[in-house]
Structures are given as C-alpha cells and as structure tokens.
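Some notes on the structure that comes next.
The values are calculated or read from the model by the stated rules, or taken from the named source; none is laboratory data. Just so it is clear, the model here is predicted, and its values are computed rather than measured. Heads up, the Cβs are rebuilt from the backbone with ideal geometry, glycines too, and the neighbour counts pull from every protein chain shown.
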Amino acid sequence: MAWLPRGVEPVSDVARARWVVEGVDPWDLSGPLRVSNFLPRRFEAYARIGHPSRDNLPEELLSTLLPALEKATSRPDKCWFCLWDGYGAWWSRSHTPHYAPGANADEIDEYWLRAREQDAILRNTPRVVMDGRSYFLFRGPMVASSMNIGTSEFPLVHSPNIWWPDDRAWCVSSEIDAYSTNVGGSRALIEELLAAPGLDTVEITPDQGMGPPYE
C-alpha cells in the first residue's frame, strides 16, 4: 500500500481496537441503530457534525475539526484508523481498472499483477470485526486522518470510519451510510465543537438514533 500517507501503516494486531469493539452496544435490529452501536459509551459528552455526503467527512470540515481534536489528546502523533473493508476501491474487481488510457499490453499486465498482489494482501489482513461491519486497521499521525484508499495514480481520499488517538481521549465515527459524523470526548472538547464556526454541530447522547437513513 505504497500510496498511503507518510507515516501511515496497516496494522495486523487488531486487538488495538478491542476497547471500541467491546465498548459499543450490540445491534438490536428490532429498532433503529443508535450512536452507541458505533461509539463506546465511556465518554463524558457527544456531538454530531452534519455533512452533505455519506460516510465521509469532507476535507474542509475535517480541517476545522482537527485543531480541537489535537488539543484534546496527548498523542496526536499516534492515532488508530478503521476503514470499512467493503469499499470497492480496495478490491481490483470492484471498480474500473485504474490503468491509463492508451496503456500497452505490458502496462496492463503489470497493472493486473499489482492488483492481484494487493487483493491477496488484503484478503489475508486481519479485520476489526463489529456487528454488521468489518474494518482494516491503520496507525499513523492525526494529520493523516484523510487518506487515499485508491492508488497513487487514481486517488480516492477518504476519512476513516472510526478513529481515535492512542490515549483514547476521544473517538470519531463516520458510519458508512450516515450523513453525519459523531464524536465522543470530554465535555470541554464537545463544547469547543459546538462553538466552532463552520461546523454544523449539535449535542447528542449515545442513546440517540443515527438519523437518516437509519430511522
């Protein structure tokens, strides 16, 4: 995965995410999914940031969020990023081939060789498994939280679905079908997010529904 941002690497020791897996509530499909199905209940306060696109916090909103998150942790240099393993960009047969128009036969063969190698690596990569979702786990600095999950030639920049700093001071969730991002953290962090210009933020509780299209 040579296209990953500098300092970001895939992690096979998915036990690093166990506190999240064990801290969220199991899905109860007899009712709507809740914030606590994707964020642990351990935090003092929670907020929701609205955005126009599903499952991805746009870069302009992420850049507004990052300074508050950085102040709220002692480890902005070491964060953990979960990205859903179902994104088509990961898998060579799930998207249009990413070789250049006019590529010759040797270049196309080389493309498919590299694509098959990546598929094999990903198939054998351990996942963070939660109810209804499984994720690849990465480690890197907080500034790399918007990463390319495509290729160097055909980038697809995407925010993580779940991510947190090494000291677990906060946790951020951008669920794959949701038009919002939820944040759990200290009261001071949530108050700062509520007051931040440029963010459409409301305070929520872990028991609240995830909103459309879940309700």
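When region 177-215 is filtered for residues that are loosely packed, with under 15 Cβ neighbours inside 10 Å and more than 16 Å from Leu65 (Cβ to Cβ), the ones remaining, listed by number, are Asp177, Arg187, Thr205, Asp207, Gly209, Pro212, Pro213, Tyr214, Glu215.
Run down Pro160, Pro197 and say which single residue is modelled with pLDDT under 95, part of a loop (DSSP other than H, G, I, E, B), within 19 Å of the chain's Cα centre (by Cα) and not aliphatic (A, V, I, L, M). Sole residue among the options that is modelled with pLDDT under 95, part of a loop (DSSP other than H, G, I, E, B), within 19 Å of the chain's Cα centre (by Cα) and not aliphatic (A, V, I, L, M): Pro160. Counting the residues of region 19-39 that are buried (at least 20 other Cβ atoms within 10 Å of the Cβ) and either among the aromatic types (Phe, Trp, Tyr) or part of a loop (DSSP other than H, G, I, E, B) (or both) gives 4. Regarding Phe81, is this residue touching a strand residue (DSSP E or B) at 6+ places or on another chain (Cβ under 8 Å), hydrophobic (A, V, I, L, M, F, W, C) and assigned to a strand (DSSP E or B)? Criteria met by Phe81.
Take the residues in region 48-62 that are part of a strand (DSSP E or B) and of a type outside the set (A, V, I, L, M, F, W, C), then tell me which one is modelled with the lowest pLDDT. Explain how you work it out, then say what you get.
Initial filter on region 48-62 (part of a strand (DSSP E or B)): 48-50.
Then drop every residue that is not of a type outside the set (A, V, I, L, M, F, W, C), which leaves 48, 50.
Values: Arg48: 95, Gly50: 89.
So the residue we want is Gly50.
The number of residues in region 171-194 being under 20 Å from Val21 (Cα atoms) and part of a strand (DSSP E or B) comes to 8. Here Leu83 meets each of (1) at pLDDT below 90; (2) within 20 Å of the chain's Cα centre (by Cα) with one exception, condition (1).
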